[in-house]
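Here is the structure we will look at, set down as structure tokens.
What follows is calculated from the coordinates using simple rules that are stated; it is not laboratory data. Since we're looking at a predicted model, the values are computed, not measured. Cβ placement follows ideal geometry from the backbone for every residue including glycine, while neighbour counts extend to all protein chains displayed.
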Amino acid sequence: MPATDNPVLADQEGHVAILTLNRPAKKNAMSDTMLEQLIDSIQSANRDDTVRAIVITGSGNCFSAGRDISQFDQKAILQDMSVDRTVDIFLKTLTLLLESPKPTIAAIHGVALGGGQAVSLACDFVVAEAGTKFGNVEMAYGFPAAMNIALLTRQVGRRIGLEIAMTGDLYTAEQYHGYGLVNRLAAAGTLMETTLGFVSTLTERAPWAIQRTKSTYRLAEDMALHGALNFGNQLNQLLMLNSQIESIHSGDAGARGAIRNNLSGKD
């Protein structure tokens, strides 16, 4: 099968794995076959020590219009667990993105609707081309966007999150940037350039520090503030003890120099 026929294309640029949803004729609607391959690609990138960040993007004129609803016409019942198989594969995809030890970045253009928006919310960061549309379009068909609801509660305040989830309206990348749901806006035609520029900062940092920061942040989200601060204090103690054996300042020397120059006012 030619690579261009694969539902997910996997490439690597430097330390960045770029996974492209590749059903442009179907607006990259996420079939089970696509999700299975996306899961395999994420797991492969997680195992690869040369990969320090994972970018998810879409081919053609959009990121993804959501799940492939044509699959939902197939009979699925509780007793033979066919419902579980249909739904669980999407849950596994979102969980892999959330729990990947490496930073995950959604690079979005065109539209990210329904399941496509859920994938963006499951990623650590979002870079979106100006004018991109987001939304829980499931509500227009009369049912709640359940995965989006769960993810919105972790990404944005209650009033905005409930509005997005309940109305099913479309929102622009500019609006989502204002809500804090998009990290960087890209001008038309510069999505990957802007994304790789953003990601370069992450890949320049020490991989162990990036991974520990993500895991600590995720744990702290689920803890009361007092517990999270004490957890952070214990991590600091371990780092201090380790520094007596070897330096923990193993990050990029150029990045440290740039920070020092910024603080001192030098160019």
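What's the whole-number percent of alpha carbon pairs in segment 3-204 lying beyond 21 angstrom?
Working: 9969 of 20301 pairs.
Value for segment 3-204: 49 percent of Cα pairs lie more than 21 Å apart.
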Computed magnitude of the charge dipole of segment 97-193 (debye, nearest 20; Cβ of K, R +1, Cβ of D, E -1): 200 debye
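Which shape class applies to segment 147-230: rounded if a/c is under 1.5, otherwise prolate when a/b exceeds b/c and oblate if not, where a ≥ b ≥ c are the square roots of the Cα gyration tensor eigenvalues? Before the final figure, lay out each step's value.
On the way: a/c = 3.02, a/b = 1.07, b/c = 2.83.
Since a/c reaches 1.5 but b/c is at least a/b, the shape of segment 147-230 is classed as oblate.
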Cα-based equivalent ellipsoid, segment 77-189: semi-axes from gyration tensor eigenvalues, Å: 24, 17, 13
Set of segment 16-45 residues, backbone N closer than 14 Å to the point 7 Å along the Cα-Cβ line of SER70: 23-34
Orientation-averaged projected area, Cα convex hull of segment 190-231 (nm²): 3.8 nm²
